[in-house]
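Working notes for the structure below.
The values are calculated or read from the model by the stated rules, or taken from the named source; none is laboratory data. All figures in this text were calculated on a predicted structure; none of them were measured in a lab. With ideal geometry, Cβ positions are generated from the backbone for all residues, glycine too; neighbour counts draw on all protein chains shown. The protein model used for the area step is the full one, side chains on, heavy atoms only, and it has no ligands, DNA or RNA in it. Shrake-Rupley method; radii C 1.70, N 1.55, O 1.52, S 1.80 Å.
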Amino acid sequence: MTEAATAQPNRPKPVSWRGLAVHACLITGALVMIYPLLWLASSSVKPSNLIFSDLSLWPARFRLQNYIDGWRGAALPFSTFFLNSFIISCLAVVGNVMACSMVAYAFARLNFAFKKTLFALMMLTIMIPLHATLIPQYALFYSLGWVNTFLPLVVPKFLAVDAFFIFLMVQFIRGIPRELDEAATVDGAGPIRIYWSVILPLLTPALVTTAVFSFIWTYEDFLSPLVYLTSMDKYTVPQGLSLLMSSKGASSWGPLLAMSLLSLVPLFLVFFIFQRRLIEGIAATGLKG
Amino acid sequence: MDANNNVAAFLFLSPWLIGMICLTLGPILASFYLSLTSYDMFSAPQWIGFDNYIKMAFEDSRYYQSLKVTFSYVFLSVPLKLAFALGIAMLLNRGLRGLGFYRSVFYLPSLLGGSVAVAIMWRQVFSYDGIINQVLLKFGIDGPSWITSTDYALYTLVALAIWQFGSPMVIFLAGLKQIPQDIYDAAEVDGAGPIRKFVSITIPMLTPIIFFNFVMQIIGAFQAFTPAYIISGGKGGPADATLFYTLYLYEQAFTNFQMGYASAMAWVLVGIIGTATAASFLSARYWVHYGDER
């Protein structure tokens, strides 16, 4: 693995006809891929009657009113939905980063009874489909009186239920030299001290990857809020969109598409800021995406 | 190590232990118990033995429809998605300028893909007067009403899945970079053409990555929910043409409050995904090569 990294075969070659043909293919492909998103952006500022008749990406007439109408939303303004989504997503980030790093530290560095069995169990839980645990979880949260609160969406993150983040961090910690831990032990540091002052600072790249993916997946999640949040003032952005879609007639595509685009803005921002980290995170661990 | 370390370790493990027992292991066992009952959430579960499973197997035609839809979706979307992912990854692995740009553009859809906004966008793209049909019209083709036609609705969801090939592509790209160039050089000296090199070097060297991507995509595809829910208006329509397994499970559990029946469905889903994963791992012996020579 390491030798292949040094024998880097991919250096830009001089321009050739063949290279140009490949670029032409890729650019066409990229345009096809991105076209629906560009169409979404342009349609969001078109009057509803032009959305389906005007093919050009540059709108003949701009109608920013779509955003105002959309924001007022179905029953509640989108500010409510955005605020709810941000609260839930940020708490999920904090939960995953804290809980998964603690557990990963134990698996990567400490010795304890049943370590192998527990690690295998942890890996197995990654494969269990969400739907298999959904109904009893619902019954549990229902009996605790947590339905229609953010707790069922947030508390599981503090209990490290997204085990693939643990796996990601275990892999990363294994790459941190053990000598650092040993030096700290000699200086009299215990496991808590080592975790906090040695491992966590060096784990930052993995923590950032975890934070970014936690944010995106929680923000995008539709099924869990659909199941647990029942009153509109608790709805998240995806639920708000679904509500807007079902409550409006076909004539108001403009506001619906405007809010759809707006709901993607936080994801675009995260993508542009953390592009490298996201792509490396996917490449290194094969996280879904 | 000493007992002291055990105490510290279980302190660190405690969030996960609590979560695993209360939110994963406990629920999955409870789910099995509930699958043998009639349960509506509001009164205590009534033991009915294997009736839910019998009903599923012999009496519920919508259940069969949901199986058919889901399997069609998995069998179509996973190979096509992986083929696109590998094809584009190979094009990108030629030492081109602008690799970072292309990689980001192709990856972006798979990052946004799970969102409701993208499903809404897709619904418009494939609507009767949407852009797909407008483009077809330029070529003189009068396109069908994709979303509301029982013949095509599922294919629009397959198309949406393929559109999100970016994440397996990134993994393929990382794998391709690990193949040492000297193997290709040696093959070239022996007179191997591009096709021969692809079949005899790229594919065998990449089998562990193909395998990994395959398993992950299969597991994900069986659980597809959001796009089907949004595009079909939450009902799996038209005429159950997009009634995904998870959609039917959701409907049984949270619309009809047939929680026992839905639990049985969930257990069968665990069985299906487990079998598919196990079968992949068993078959891997015959086609996945882990390079020992390096």
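Data table
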| read-out | value |
| --- | --- |
| Residue list for region A:111-126, filter: touching a residue at least 12 places away in the same chain (Cβ under 8 Å), open to solvent by 10 Å² or more (accessible area, probe 1.4 Å) and of a type outside the set (Val, Ile, Thr) | A:Phe119, A:Met123 |
| Pair list, Cβ under 8 Å, 6 or more apart: region B:137-152 residue more than 14 Å from B:Val125 (Cα to Cα), other residue open to solvent by 80 Å² or more (accessible area, probe 1.4 Å) and assigned to a loop (DSSP other than H, G, I, E, B) | B:Thr150/B:Ala239 |
| From B:Ala44, B:Ala8, residue being hydrophobic (A, V, I, L, M, F, W, C) and either touching a residue at least 24 places away in the same chain (Cβ under 8 Å) or open to solvent by 40 Å² or more (accessible area, probe 1.4 Å) (or both) | B:Ala44 |
| Matching residues in region B:6-22 - criterion: being within 13 Å of A:Met122 (Cα to Cα) and at the interface with another protein chain (Cβ under 7 Å from one of its Cβ atoms) | B:Leu13, B:Pro15, B:Trp16, B:Ile18, B:Gly19, B:Met20 |
| Which listed residue is of a type in the set (Phe, Trp, Tyr) and surrounded by 14 or more Cβ atoms within 10 Å (Cβ to Cβ), from A:Phe62, A:Phe78 | A:Phe78 |
| All positions within region B:183-217 that are open to solvent by 20 Å² or more (accessible area, probe 1.4 Å), within 24 Å of B:Val78 (Cβ to Cβ), among the β-branched types (Val, Ile, Thr) and away from chain A (no Cβ under 11 Å) | B:Val199, B:Ile203, B:Ile210 |
| Exclusive hit being open to solvent by 20 Å² or more (accessible area, probe 1.4 Å) and either touching a residue at least 60 places away in the same chain (Cβ under 8 Å) or in a helix (DSSP H, G or I) (or both), set A:Leu55, A:Leu38 | A:Leu38 |
| Region A:231-253, residues that are more than 11 Å from every other protein chain (Cβ to nearest Cβ) and surrounded by fewer than 23 Cβ atoms within 10 Å (Cβ to Cβ) | A:Ser231, A:Met232, A:Asp233, A:Lys234, A:Ser247, A:Lys248, A:Gly249, A:Ser251, A:Ser252 |
| Residues satisfying the stated conditions in region B:89-119, i.e. within 20 Å of the chain's Cα centre (by Cα), at the interface with chain A (Cβ under 7 Å from one of its Cβ atoms) and either open to solvent by less than 10 Å² (accessible area, probe 1.4 Å) or at pLDDT 90 or above (or both) | B:Phe106, B:Tyr107, B:Leu108, B:Pro109, B:Ser110, B:Leu111, B:Leu112, B:Ser115, B:Val116, B:Ala117 |
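Residues checked against (1) surrounded by fewer than 23 Cβ atoms within 10 Å (Cβ to Cβ); (2) under 30 Å from B:Ser38 (Cα atoms):
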{"residue": "A:Phe82", "(1), (2)": "yes, no"}
{"residue": "A:Leu91", "(1), (2)": "yes, no"}
{"residue": "A:Asn96", "(1), (2)": "no, no"}
{"residue": "A:Ala104", "(1), (2)": "no, no"}
{"residue": "A:Leu153", "(1), (2)": "no, yes"}
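Residue-by-condition table, conditions (1) modelled with pLDDT under 95; (2) within 23 Å of B:Pro109 (Cβ to Cβ):
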position	(1), (2)
A:Ala183	yes, no
A:Gly188	yes, no
A:Val198	yes, no
A:Val208	yes, yes
A:Pro225	no, yes
A:Val237	no, yes
A:Lys248	yes, no
A:Ser251	yes, no
A:Leu256	yes, yes
